[in-house]
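Derivation of every value follows stated rules applied to the coordinates shown; laboratory data play no part. No experiment lies behind these values; they were computed from the predicted model shown. Every residue, glycine as well, gets a Cβ built from its backbone with ideal geometry; the counts of neighbours run over all protein chains shown.
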Amino acid sequence: MVKQLLSSARKLGASRDQNCNRNGVDTRTPRIATRIKGTGTTMFDAVFAPAPGALDTAPLREPEPLREPRAFEALVREIGEDGAREVRSVFWSETSARLQSFRTLALGQHRARFAREAHSLKSTARTFGYLRLATLALRLESTAEAIGAAELGDLLEQMEAAFIAAKAQESED
């Protein structure tokens with residue numbers, strides 16, 4: 001069931017990206033807002049994102065909230081509590097592996113992979129309402145072509161801290 005859900009989510013994302021590319025829309029540009037289905041809640045992604053490929057050196061104005069508290073509830077309504085917990089478990093393990101792989105990749109050789117992996121992380125973090133992690137992943141995605149090693153190291157530290165903090169709140173659900 002989990003693999004099926006993840007596969008469907010990936011297909012929908014790929015379909016959206018293909019349609020956007022065909023119509024001349026840059027899919028690396030963040031959407032302004034995402035509605036959480038069934039909650040009436042709107043999450044703001046990043047209103048002031050850098051242009052694709054531009055280096056975003058400005059610090060976050062204020063850290064995004066760690067998470068949207070009703071996002072997991074919305075997911076439970078969509079796929080049930082067992083399914084939501086199982087999918088979230090996969091998110092934790094995949095995100096942990098992804099963050100570790102960021103530390104092992106050579107920046108100069110794998111900029112496109114950094115952008116792709118950050119895009120996936122951004123999307124899945126949003127699904128579970130982990131806003132700070134999603135915002136940091138967006139920053140990596142949009143700056144992967146120009147970011148330097150020192151800036152990447154700082155950003156990865158922030159992403160790891162956001163991941164640890166998000167996981168610590170898991171017991172609240």
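Points to keep in mind about this one:
- Search result, residues across region 82-97 that are within 14 Å of the chain's Cα centre (by Cα) and buried (at least 18 other Cβ atoms within 10 Å of the Cβ): 88, 91, 95
- Among the residues of region 120-157, those that are among the charged types (D, E, K, R) and under 12 Å from the mean Cα position of the chain (by Cα) comprise 122, 126, 132, 139, 141.
- Selection from region 82-136 of residues that are touching an Asp or Glu at 6+ places or on another chain (Cβ under 9 Å), touching a residue at least 24 places away in the same chain (Cβ under 8 Å), under 23 Å from residue 151 (Cβ atoms) and not in a helix (DSSP H, G or I): 130
- Matching residues in region 108-126 - criterion: being crowded, with 20+ Cβ neighbours inside 10 Å and of a type in the set (S, T, N, Q): 124
- Applying the condition of being touching a residue at least 40 places away in the same chain (Cβ under 8 Å) and not in a helix (DSSP H, G or I) to region 137-147 and asking which residue is surrounded by the most Cβ atoms within 10 Å (Cβ to Cβ) yields 147.
- Every pair of residues 6+ apart whose Cβ atoms lie under 8 Å, when the first sits in region 155-168 and is in contact (Cβ under 8 Å) with a residue 24 or more places away in the chain while the second is part of a helix (DSSP H, G or I) and surrounded by fewer than 16 Cβ atoms within 10 Å (Cβ to Cβ): 156/103; 163/96; 167/92
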